[in-house]
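The numbers here are math on the coordinates, done by the rules we state, and not lab data. Just so it is clear, the model here is predicted, and its values are computed rather than measured. Glycine gets a Cβ as well: all are built from the backbone with ideal geometry, and neighbour counts include every protein chain shown.
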Amino acid sequence: MIARIWHGRTKIKDYEDYTEFMRKKALPDYRETEGFIKLIFLRSIIENVGHFKLITFWENFEVIKNFAGEDFEKAKYYPEDKKFLLEFEEKVIHYEVFAELG
């Protein structure tokens, strides 16, 4: 299993709106992608900035391409992200999951 980790930042005034956008648009997009296993969506406010961390879990690198395209290390953004995010990190980080406890 592969973990794909993305980070984004918003202004405080956009914190709740971006959370709602992610719930309505991004989360269903992940769920409907073949090879998707699960996700963890984290958020916090640090020094008056909203931080979002999205950890998605996939069967393997090949199925990540079903979501992200051939250049699967490139971060995927939605057109609506332009009105919320302070920056657009170019790459995501991938980790092989070698152990999991529940």
**Request:** Take every Cα-Cα distance within the chain, group them into 10 Å bins from 0 onward, and report for each bin the whole-number percent of pairs it holds.
**Result:** 15, 48, 30, 7
**Request:** With a 10 Å radius around each residue's Cβ, average the other Cβ atoms per peptide and rank 1-13, 62-74, highest first.
**Result:** 1-13, 62-74
**Prompt:** What lysines sit close enough to residue 65 to cross-link, taking a C-alpha to C-alpha distance under 27 Å and skipping anything fewer than 8 places away on the same chain?
**Reply:** 24, 25, 38, 53, 74, 76, 82, 83, 91
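Magnitude of the Cβ-charge dipole of the chain, K/R +1 and D/E -1, about the Cα centre, nearest 20 debye? Intermediate values should be presented prior to the final figure.
Values: 17 positive and 20 negative charges, 76 e Å.
In total the dipole reaches around 360 debye.
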**Item:** Under 5 Å, built H, 5+ apart or other chain: amide partners of residue 84
**Value:** none
**Percent RCO, i.e. relative contact order, over the chain, from Cα pairs under 8 Å lying at least 6 residues apart** = 42 percent
